[in-house]
Amino acid sequence: MVLPIVAYGDSVLRKVGVEITKDYPDLKKIIADMYETMEVASGVGIAAPQVGKAIRLFIVDTKPFADREGDDEEFTVEEKKELAEFNRIFINAKIVEETGEEWPFNEGCLSIPKIREDVIRKPKIRIKYVDENFVLHDEVHEGLIARVIQHEYDHIEGKLFTDKISPLRRRLLQGRLNDISKGKVKVTYKMRFPNK
Ligand SMILES: [Zn+2]
């Protein structure tokens, strides 16, 4: 089932997600619904707070990056293959290390439609999490994959990419952000607006 995506301004996007256990009600269904919702919105990741649940769950599927054509980014065959195959469910994730020289990337967010901004982040992360079977993983990721994980991870920490841009840029965007919270934005997918 496709779920409405919570828009900027909703308090659920500002909550720090709580850890969940194996017996969290309807977990399998929530994950399936999140996949469906992400695909319909052409996203590369979605976090539980974006469908109204302040829990430590997010999914990442970078395949659309590999499929995208005519983009500025040029990927090597190897990178494309990696992006096409990367698909994970992160539960109770904890980023334990972020290293390397910070780099900018133009980020967007399903909860903040039509706004894209350069965000600076470190390129390499180490993350511990459990998957949908509650099997523990400890992985290192880099580049664009790390970037998407960092963005989704921020969601379960109650943060948004607009928190990471300069105060001046944010001030310039404030009117558009307010409009989004009121539903004054054209989107092709289902959304839930806090101030409509
Ligand atoms: Zn987002």
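The values are calculated or read from the model by the stated rules, or taken from the named source; none is laboratory data. Quick caveat: nothing in here was measured; it's all calculated off a predicted structure. Ideal geometry is used to build each Cβ from the backbone, glycine not excepted, and the neighbour counts take in all protein chains shown. Please note that ligands, DNA and RNA were not included when accessible areas were found on the heavy atoms of the full protein model with its side chains. Shrake-Rupley method; radii C 1.70, N 1.55, O 1.52, S 1.80 Å.
Being under 28 Å from VAL18 (Cα atoms) and either surrounded by fewer than 17 Cβ atoms within 10 Å (Cβ to Cβ) or of a type outside the set (Asp, Glu) (or both) is the requirement here; does PHE90 meet it?
Working: under 28 Å from VAL18 (Cα atoms): yes; either surrounded by fewer than 17 Cβ atoms within 10 Å (Cβ to Cβ) or of a type outside the set (Asp, Glu) (or both): yes.
Criteria met by PHE90.
Against the definition (free of Cβ contacts under 8 Å to residues at least 24 places away in the same chain, loosely packed, with under 15 Cβ neighbours inside 10 Å and among the β-branched types (Val, Ile, Thr)), how does VAL77 come out, yes or no?
Values: free of Cβ contacts under 8 Å to residues at least 24 places away in the same chain: yes; loosely packed, with under 15 Cβ neighbours inside 10 Å: yes; among the β-branched types (Val, Ile, Thr): yes.
Against the criterion (free of Cβ contacts under 8 Å to residues at least 24 places away in the same chain, loosely packed, with under 15 Cβ neighbours inside 10 Å and among the β-branched types (Val, Ile, Thr)), VAL77 qualifies.
Would you tally the residues in the range 158-181 being open to solvent by less than 90 Å² (accessible area, probe 1.4 Å), away from the ligand (no atom under 12 Å from the Cβ) and of a type outside the set (Gly, Ala, Ser)?
The qualifying residues number 9.
Looking at the range 103-157, what strands (runs of 3 or more DSSP E) fall wholly within it and have at least 1 residues that are within 12 Å of the ligand (Cβ to nearest atom)? I'd like the intermediate steps shown before the answer.
On the way: elements: 103-109, 112-121, 124-130, 136-142.
Strands (runs of 3 or more DSSP E) meeting the threshold: 103-109, 112-121.
Could you list, in sequence order, all residues of the range 2-27 that are crowded, with 18+ Cβ neighbours inside 10 Å and touching an Asp or Glu at 6+ places or on another chain (Cβ under 7 Å)?
Listed by number, the list holds a single entry, LEU3.
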